[in-house]
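Trainee: The structure that follows is given in the form of structure tokens.
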Amino acid sequence: MLSGEFKHTLDAKGRIFIPAKFRTDLGQTVMISRGFGKYLTVYSVEEWKIFTSKLEKLGQGKQARDLQRYVSRNCKQAELDSQGRINVDASLREFAHLTKDVSFVGMTHYVEMWDGEILEAETKSYDTDEFDALLEKAKAAASKIGCGELFGVPCGVFCIDADSIDDEIRTFGKDLFDLAVNVNFCAVKDDICA
């Protein structure tokens, strides 16, 4: 499981050490993509396949295709060198404003790469009361649609039947996604909600 925060320095060639604690879980080859904020995501190849297969199950509507395109188009594969470093593509470094001091944050199944100053500013704005309100809203929505335990595992799958979604629950799912909460919102039939 990927957790904790570690800091490393990006060199002039765009290389950076993957924290030793993360290397075993991430493997020799990693997938680096834009996040949904000013950060990058780093996945093992196995976790990347799981993530993208969930995106494919969102369907072929315009928003689903746009999301799939955003994720796939902005993804680069990188190999760890003998010292445990990866080379971060210039376009990805520019997107996340990575210049020197980089923070790696373990997010259970993947890692976020942040510019140190941007992450510091982001975390100063956290309001734990908002987190409590979001969790209460999640529990209420899960109860409303009969999901059972929503946060029973570190990264659960929020399973619902697409035919029974009302506007309130659609908005809730979008809020979860927009806030990058570590829950996979799946507006799909029961076939993946075992």
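Trainee: Rounded to the nearest 0.05, what FRET efficiency do Lys49 and Asp129 have when you use their Cβ-Cβ distance and R0 = 45 Å?
Mentor: Between Lys49 and Asp129 the formula returns 0.75.
Trainee: Beyond 26 Å, how much of the Cα-Cα pair distribution for the range 1-118 remains, as a whole percent? Working shown, then result.
Mentor: Numbers: 1089 of 6903 pairs.
Roughly 16 percent, once rounded to a whole number.
Trainee: For Ser125, Ser103, write out the residues from largest to smallest accessible area, computed with a 1.4 angstrom probe and no ligands counted.
Mentor: Descending order: Ser125, Ser103.
Trainee: List the pairs from Lys100/Lys124; Lys21/Lys100; Lys21/Lys137; Lys13/Lys54; Lys21/Lys54 whose alpha-carbon separation is above 23 Å, in the order I gave them.
Mentor: Exceeds cut-off: Lys21/Lys137; Lys13/Lys54; Lys21/Lys54.
Trainee: Residue by residue through the range 125-137, which ³J(HN,Hα) values in whole Hz follow from phi under the Karplus form 6.51 cos²θ - 1.76 cosθ + 1.60 (θ = phi - 60°), with glycine and proline marked x?
Mentor: 8, 5, 10, 5, 5, 5, 4, 4, 5, 5, 5, 5, 5
Trainee: Let me ask another. So which trypsin sites (Lys or Arg not before Pro) in the range 1-86 end up in coil per DSSP with only 12 or fewer other C-beta atoms within 10 Å?
Mentor: Here the sparse-neighbourhood loop sites are Lys13.
Trainee: Can you give the net charge of the other residues whose Cβ lies under 14 Å from the Cβ of Asp129, counting K and R as +1 and D and E as -1?
Mentor: -3
Trainee: From the backbone phi of the range 59-68, what are the Karplus-calculated ³J(HN,Hα) couplings (6.51 cos²θ - 1.76 cosθ + 1.60, θ = phi - 60°) in whole Hz, Gly and Pro given as x?
Mentor: Per-residue couplings from phi come out as x, 10, x, 4, 5, 5, 5, 4, 5, 4 Hz.
Trainee: Would you mind counting up the charge near Gly84? Only other residues with Cβ under 12 Å from its Cβ, with Lys and Arg at +1 and Asp and Glu at -1.
Mentor: +2
Trainee: Tell me the GluC sites (Glu not before Pro) within the range 39-89 that lie in a loop according to DSSP and have at most 10 other beta-carbon atoms within 10 Å.
Mentor: Values: sites: Glu46, Glu47, Glu56, Glu79; in loops: none.
Sites meeting the loop and neighbour criteria: none at all.
Trainee: Ordering Phe51, Phe22 by accessible area with a probe of 1.4 Å, largest first, what comes out?
Mentor: Highest to lowest solvent-accessible surface, that is Phe51, Phe22.
Trainee: Report the local net charge at Gly106: Lys and Arg +1, Asp and Glu -1, summed over other residues whose C-beta lies under 15 Å from its C-beta.
Mentor: With Lys, Arg at +1 and Asp, Glu at -1, the neighbours total -1.
Trainee: Under a plain spin-label model, where a point goes 7 Å from the Cα along Cα-to-Cβ, how far apart in nm are Asp101 and Ala12?
Mentor: 2.1
The values are calculated or read from the model by the stated rules, or taken from the named source; none is laboratory data. Source: prediction; values computed, not measured. Virtual Cβ from ideal backbone geometry, glycine too; neighbours counted across all protein chains shown. Side chains are part of the model used for accessible areas, which takes the heavy atoms of the whole protein and leaves out ligands, DNA and RNA. Shrake-Rupley method; radii C 1.70, N 1.55, O 1.52, S 1.80 Å.
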